[in-house]
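Since the structure comes first, as structure tokens, the remarks are kept for the end.
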Amino acid sequence: MDELINVVDWSRWQFALTAIVHWLFVPLTIGLSLIIGIMETVYYRTRDDKWRRITKFWMTLFGINFACGVATGLILEFEFGTNWSNYSWFVGDIFGAPLAIEGIVAFFLESTFIAVMFFGWKRVSPGFHLAATWLTAIGVALSALWILVANAWMQYPAGMEFDPDQMRNVMVSFKDVVFSPVAINKFFHTVLSGWVLGAVFVVGVSCWLLLRKHNRDFALRSIKVAGGVGLAGILLTMWTGDGSAVEVARHQPMKLAAMEGLYAGSEGQSLVAFGIVNPDKKPLDDNQALYAEISIPKGLSFLANHDFNSFVPGIDDIIRGYAVNEAGDTIYKDVSVADRIMMGREAQQGLRDYGVAKAAGDSAAMARALKAVDDNFRYFGYGYLSAPEDAVPPVAVSFYSFRVMVMAGGYLLLFFLVVAFASWRKKVNLLDNKWFCLLGLLTIPVVWICSEAGWVLAEVGRQPWTIEGLLPVNAAVSSISAGSVQTTFWVFVVIFTGLLAAEVSIMVRQIRRKAEVDILAQPEK
């Protein structure tokens, strides 16, 4: 058992490491691809050669991050087979489909047109080159779409049924997988947040150029485009974030309760603006959940159900079996977690009995066993849990990551309101202000922290599940030794550290080299 726990823990750490590093590159390529497309469109319409030079500068930085994103993304996908082979077997027919489409369609679309985008300036017409740039941006978004569809299915499994003969789940509705409300909302929320990150990066680098007193016209033009993209992106990200909260309340109420540190729910439930999690608090005990709590009255009820007086269940309520319907307006007694564990074990036992009966050719026993599986399969994954408390995600991590994301998002809204206002005024004295430029530089790490915090909440908040309610992490790992996973973890630490150092070094060198000359007056190469 200790060996299994070590394999699970090290596999989770390895996957988390890879995912976090991968996500340093992905949102930047999403945001930069849109900004580059807008800049080249301005060049195409005005034929102002300055916009072409601006486009080529940001295109170079896009290419560096695109290459790093591809490298880390491939490692991430391979880990499903190396570290999570039970998961891959159990749901591979479903989870593998969107990943295959991403590789066959979206990635080839990117790879084809990115070559034209980088090397076709003198080889194709301006119109064709512009089309290639936008098709690259579309390819980046489509890559994100299929990966996010796969991730959303893990949060809200749909369009599938269990085949006892194969001992695995199979897809019955591709439409339900792709167009689930969780998938749609996750796609828009993620892509729009990428716009914000890309815009902050462009503004921050431009502010550095202003501090160096080089390429002022270049920096101001870049800030004007990025400021508009960033403001639109943060407003739309907040709108889709509201939709995400509603979907979490409907399909993952335990995640919602954990990210609020909420154990005993109520009607008209308040939203915690600030609080300190009590580390000694356990489910179903009498300890205080939060210290120094400052709350917004009825805020969580409105966030979850758009109804100030709706009931929001807490962790203890869910464990006992209390829930609300999907509309959020009716409280009812659902199946308790303890009963779900029992029903999950009955489903698993029924599956074992089905295999024995099938081998013996006993059709009557097969029918009885199959009925036990069908009646209880909804809670199949709970059978792997030892106690109801195992169904509770890490509360402190969920609670704090949510607040980091929200506070950083609020700051970014204010930041882009100021940037958009300053960049579109005829007098742009604020953008030349030293302190404002320093603020622009410091905002670069803020937006990455915000983005990573959102993913930490999304993934840690659904623990212990790899697939919500269907397969926990302790049943999804591969049959490998903890030592091998631990070794590869440290190998990846070294590789990713080197990759990040190289990427940052190349980016900084490229920016500094361009900053030493007048970008808008460089001779054509």
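Kirkwood's formula applied to the C-alpha pairs of the range 434-515 gives a hydrodynamic radius of 16.8 angstrom. Dipole orientation for the chain: of the candidates ILE94, MET342, PHE416, PHE416 has the Cα lying most toward the positive pole (charges on Cβ; Lys, Arg +1; Asp, Glu -1).
Potential lengthening of the chain between LYS333 and TRP121 amounts to 69.9 nm, from the contour at 0.36 nm per residue minus the alpha-carbon distance. Across the options SER193, LEU34, GLY268, the greatest Cα extent toward the positive end of the charge dipole of the chain (unit charges at beta carbon of Lys, Arg, Asp, Glu) belongs to LEU34. Return the lysines within reach of LYS122: Cα separation strictly under 17 angstrom, same-chain partners fewer than 8 residues apart disregarded; answer none if there are no such residues. Reachable lysines: LYS50, LYS56, LYS525. Ignoring lysines fewer than eight residues from LYS358 along the same chain, the ones with Cα atoms less than 22 angstrom from its Cα are LYS371. Of VAL225, THR487, ALA292, whose Cα points farthest to the positive end of the dipole of the chain (charges on the beta-carbon: +1 Lys, Arg; -1 Asp, Glu; origin at the Cα centre)? Most positive-ward Cα: VAL225. Relative to a virtual label point 7 Å from the Cα of LYS434 in the Cα→beta-carbon direction, which members of the range 166-208 show backbone nitrogen distances below 15 Å? Within reach of a label on LYS434: 208. The length gained on full extension between ILE511 and LEU99, counted as 0.36 nm times the residue separation minus their Cα-Cα distance, comes to 144.9 nm. Put a plus charge on the Cβ of each Lys and Arg, a minus charge on the Cβ of each Asp and Glu, and nothing anywhere else: the dipole of the chain about its Cα centre is then about 3040 debye.
What is the gain in length, in nm to one decimal, between GLU389 and ILE495 on full extension, counting 0.36 nm per residue of separation less the C-alpha to C-alpha distance?
Working it through step by step, the gained length comes to 34.5 nm.
Which of the lysines could be linked to LYS282 by a straight reach, that is with a Cα gap under 30 Å, when you skip same-chain ones fewer than 8 residues away? Within the straight-line limit of under 30 Å, LYS282 reaches these lysines: LYS255, LYS298, LYS333. Between TYR291 and SER363, the simple spin-label model (points 7 angstrom out along Cα→Cβ) gives 6.8 nm. Relative to one another, the C-alpha centroids of the range 222-294 and the range 98-166 are positioned 31 Å apart. Over the chain, Cα pairs under 8 Å with separation of 6+ residues give a relative contact order of 19 percent. Considering only Cα atoms, the convex hull volume of the chain works out to 164 Å³ per residue. Note on THR41 and GLN349: the model spin-label points, each 7 Å out from Cα along the C-beta direction, lie 6.2 nm apart.
Readers should treat all values here as calculations from the given coordinates under stated rules, not as data from a laboratory. Quick caveat: nothing in here was measured; it's all calculated off a predicted structure. Virtual Cβ from ideal backbone geometry, glycine too; neighbours counted across all protein chains shown.
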